[in-house]
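See structure below.
The values are calculated or read from the model by the stated rules, or taken from the named source; none is laboratory data. Just so it is clear, the structure is predicted and the values come from calculations on it, not from any experiment. Don't worry about glycine lacking a Cβ; one is built from the backbone with ideal geometry, like all the others, and counts go over all protein chains shown.
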Amino acid sequence: MRISGRPAAVLASTATLAALCGCTVQPPDDDGKHRLPVHLQLPSGSTPEPTGTAEPTGTAQPTRTAQPTPAAKPAQPAPQVLWSRGDSGPGVRELQARLRQVAWLFDGPTGTYDDLTEQAVKGFQGKRGLPRTGELDTVTWQRLLAMTHEPGRWELYLMGGQPAGAPDPRCLAGRVLCIDKTSRTLRWMIDGRTVDTVSVRFGTQYTPTREGVFSVYWKSRHHVSTIYHSPMPYAMFFSGGQAVHYSNDFAARGYAGGSHGCVNVRDEAAIAALFAQVRIGDKVVVHW
């Protein structure tokens, strides 16, 4: 049996499936095409709904939040200058001693920030990428501290100039050349008052300067040693051949050398002034 040209078995199966789904199968129209079930047909002129959810066109993009412009970092203040050319004092002396430790300075320490110290600071700064100002500022000082050790008394006063110790009690009366081996200084004192202080150098281990109380017995402005044939200008003799006098070697080499027992002075202007004031018979005290 055939219905509209289709096998009866196919139609029967279709009818059975439709019955199970609760649908009524429409017979084909005259044109032979199948139509949707009546309850699923759309009214005439209507447009079918899309099966998926379409992206809406022209969707507004999320608004970007403007990022704040990074604030410019405030300019760092220039490092504080601690010492510069023309300054003097114990801080400058320590600076010079530390510069000597790292071989940027070979003279001194003198305690005065001179042209040699300025050049040494410039060299140290340039080697480490710091501004070559020649002034000792806090940044340069911290770098130098990190590379050196605290200088001892010997390093600080290699060229003299250390503070004089308390005067010996024997120096407190009259006119006295008070010579201190511990601080390596000579005080010129009158009635307990210190008039002037200069750095001095003494004899070596084998030719030591004698200690005790003496007096000036001879002054010789242009003296030359008869034993060593070396000049001893502004000599003031107090014990045998030992005298207080100017030493060019002390001025040049500092404490790297020593005398043959005399008390050497390295400041020529100071010894010249002292020579003019000291009289024959004035007391000389050499002590530790």
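Which numbered condition in (1) over 11 Å from Val285 (Cα atoms); (2) without any contact (Cβ under 8 Å) to a residue 24 or more places away in the chain; (3) not hydrophobic (A, V, I, L, M, F, W, C) is the only one that Pro169 fails?
Only one criterion in (1) over 11 Å from Val285 (Cα atoms); (2) without any contact (Cβ under 8 Å) to a residue 24 or more places away in the chain; (3) not hydrophobic (A, V, I, L, M, F, W, C) is unmet by Pro169, namely (1).
Having 2 or more residues that are modelled with pLDDT under 95, more than 30 Å from Arg253 (Cβ to Cβ) and under 14 Å from the mean Cα position of the chain (by Cα) is the bar; report the helices (runs of 4 or more DSSP H) wholly within region 31-149 that clear it.
Answer list for region 31-149: none.
Considering every residue within region 266-273, establish whether at least one is out of contact with any helix residue (DSSP H, G or I) (no Cβ under 7 Å at 6 or more places or on another chain), within 12 Å of Arg201 (Cβ to Cβ) and either at pLDDT 95 or above or surrounded by 15 or more Cβ atoms within 10 Å (Cβ to Cβ) (or both).
yes
Within region 188-200, is even one residue small (Gly, Ala, Ser), within 28 Å of Thr110 (Cα to Cα) and modelled with pLDDT under 95?
From region 188-200, those small (Gly, Ala, Ser) are 192, 199; that's our starting set.
Those left that are additionally within 28 Å of Thr110 (Cα to Cα): 192, 199.
Then keep just the ones that are modelled with pLDDT under 95; that gives 199.
Within region 188-200, one or more residues are small (Gly, Ala, Ser), within 28 Å of Thr110 (Cα to Cα) and modelled with pLDDT under 95.
Against the conditions (1) in contact (Cβ under 8 Å) with a residue 12 or more places away in the chain; (2) in contact with a strand residue (DSSP E or B) (Cβ under 9 Å, 6 or more places away or on another chain), where does Met147 fall short? Just the number, please.
With respect to (1) in contact (Cβ under 8 Å) with a residue 12 or more places away in the chain; (2) in contact with a strand residue (DSSP E or B) (Cβ under 9 Å, 6 or more places away or on another chain), Met147 is out only on (2).
So, restricting to strands (runs of 3 or more DSSP E) that lie completely within region 168-286, which ones have at least 1 residues that are within 19 Å of Tyr157 (Cα to Cα)?
175-180, 185-190, 193-201, 242-246, 263-265
Filtering region 226-239 down to residues that are farther than 27 Å from Thr110 by Cα and modelled with pLDDT of 95 or more, which residue is surrounded by the most Cβ atoms within 10 Å (Cβ to Cβ)?
Phe238
What number of residues within region 189-220 satisfy the criterion of being touching a helix residue (DSSP H, G or I) at 6+ places or on another chain (Cβ under 6 Å), closer than 17 Å to Gln162 by Cα and among the hydrophobic types (A, V, I, L, M, F, W, C)?
The qualifying residues number 1.
Taking Val198 and the conditions (1) under 12 Å from Val285 (Cβ atoms); (2) among the β-branched types (Val, Ile, Thr); (3) crowded, with 16+ Cβ neighbours inside 10 Å, which numbered condition does it fall short on, given that it satisfies the others?
Against the list (1) under 12 Å from Val285 (Cβ atoms); (2) among the β-branched types (Val, Ile, Thr); (3) crowded, with 16+ Cβ neighbours inside 10 Å, Val198 comes up short only on (1).
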